[in-house]
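Asks: Quick one: the structure is below, questions incoming.
The values are calculated or read from the model by the stated rules, or taken from the named source; none is laboratory data. Model, not experiment: these values are computed from the prediction. Glycine also receives a Cβ, built like all others from the backbone with ideal geometry; neighbour counts cover every protein chain displayed. Accessible surface is based on the protein model in full, side chains and every heavy atom, while ligands, DNA and RNA are left aside. Shrake-Rupley method; radii C 1.70, N 1.55, O 1.52, S 1.80 Å.
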Amino acid sequence: AETAASRNGSSSIALMVRKQTGTNTVAVVDGVLAQVEALKKQLPTGYAIDVVRDNSIQIRVSAAQVLEHLILGSCLAALVVLLFLGSLRSTIIASISIPVSIISTFGLMMLAHFTLNMMTLLALALAVGIVIDDAIVVLENIYRFIDEKKMKPFPAAIHATKEIGLAVLATTLSLMAVFLPVAFMSGIVGRFLYSFGLTMAFAIGVSMIVAFSLTPMMAARMLPPPPPEGQERRKSFLERMSDRLYHPI
């Protein structure tokens, strides 16, 4: 069979580059484009090389959208924490768990030889609202020890973390038990969801470690001491509404 190619009315030679199975589309396209730029310098007069179709554009756009959602989700999660806790220091402590957990998950993904593709980025975007949960639970219990038991922040961080430790561990393991089986599904679906399930499990596991280590350490140093006898700390609007709901006059 004979084929012909035409580009803007001029006779052309069409060349299609196919990537091997298991290789990264974006990396292959970047390599091909680099070689194309090198070849353009060696072409004789009257010849040109044009890229007609680039399959990596859709992947790059989708990845950029997921990264945008990741950043936006982190900001909204921090805003929700600020509304409920009513303390900027507490919000900073809880919100720090998001970037720390996500960045640490990158390290585990590298050890598992995962790339930043649609599945792993989707898992990271979904994990944003989950990785802050453990930190909020631990932080709230530390805050309660300071407010109700009049403990100083350092001993409150120790005792409150010990008290809530088993509950946080049970919550984390139950979430991991949901996503780990997804990673070991069989067939074509399993190949797609393998990196998704393990990335979610990595993020959730790291969030528990952060909640047991970084969160109480920051709380011990950043949270204010209990108010003097006869005084109460200033409560947020949502806390006052909660007190009226559960303790009506």
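Asks: Of the listed values (1) 17.3; (2) 15.4; (3) 21.6, identify the label whose number matches mean projected area of the Cα convex hull in nm² calculated from this model.
Replies: Evaluating mean projected area of the Cα convex hull in nm² on these atoms matches (3).
Asks: How much area per residue is accessible in the stretch 1-140 when the probe is 1.4 Å and only protein heavy atoms are counted (Å²)?
Replies: It amounts to 68 Å² per residue over the stretch 1-140.
Asks: In whole percent, what relative contact order does the chain give with Cα contacts below 8 Å and a gap of six or more residues?
Replies: Relative contact order for the chain comes out at 22 percent.
Asks: Calculate, in nm to one decimal, what Glu140 and Val178 gain on full extension: separation in residues at 0.36 nm each, minus their alpha carbon distance.
Replies: Gain on extension, Glu140 to Val178, equals 11.1 nm.
Asks: Here is a further query. Sequence-distant or interchain residues sharing an amide H contact under 5 Å with Ile49, placed H: which?
Replies: For Ile49, no residues qualify.
Asks: For Ser12, what residues show an amide H to amide H distance below 5 Å, using hydrogens built from the backbone and excluding near sequence neighbours?
Replies: Ala5, Ser6, Arg7
Asks: At q = 0.10, 0.14, 0.17 Å⁻¹, what base-10 log of I(q)/I(0) does the Debye formula yield for the stretch 1-146 when every alpha carbon is treated as an equal point scatterer in vacuo?
Replies: After summing over all Cα pairs, the log10 values are -0.57, -0.81, -1.01.
Asks: Could you pull out the trypsin sites (Lys or Arg not before Pro) across the stretch 99-166 that fall in loop regions by DSSP (anything but H, G, I, E, B) with no more than 15 other Cβ atoms inside 10 Å?
Replies: Lys149, Lys150
Asks: For the chain, set up a GNM with springs between Cα atoms under 10 Å and report which of Pro228, Pro153, Pro99 has the largest fluctuation.
Replies: Per the Cα network of the chain with a 10 Å cutoff, Pro228 tops the list.
Asks: Moving on to the next point. Nearest 0.05, what FRET efficiency do Ile59 and Leu169 give at R0 = 45 Å with Cβ-Cβ as r?
Replies: So, using R0 = 45 Å, E works out to roughly 0.75.
Asks: Quick one, could you list the DSSP H helices from the chain stretching 30 Å or more along their long axis (Cα atoms) with average Kyte-Doolittle hydropathy of -0.5 or above?
Replies: Helices meeting the criterion: 56-85, 88-111, 118-148, 153-183, 187-212.
Asks: Another question about this same structure. Given the DSSP H assignment, sum -39500 (n - 2.57) over each helix run of at least 4 residues in the chain and divide by its residue total; what's the result at 222 nm in deg cm²/dmol, nearest 500?
Replies: Per the formula, -25000 deg cm²/dmol.
Asks: Ok, one more. Kindly state, to the nearest 0.05, the FRET efficiency for Val51 paired with Val189, given R0 = 45 Å and r defined as their beta-carbon distance.
Replies: 0.85
Asks: Continuing with this model, one more query. Label-point separation (nm) for Ala112 and Ala5, each offset 7 Å from Cα along Cα-to-Cβ?
Replies: 3.9 nm
Asks: Another question, if that's okay. Anyone know which of Ala94, Ala34, Ala48 comes out most mobile in the 10 Å Cα GNM of the chain?
Replies: Ala48
Asks: I would also like to ask the following. About its Cα centre, how strong a charge dipole does the chain have in debye, to the nearest 20, once Lys and Arg get +1 and Asp and Glu get -1 at the Cβ?
Replies: With Lys and Arg at +1 and Asp and Glu at -1, about 220 debye.
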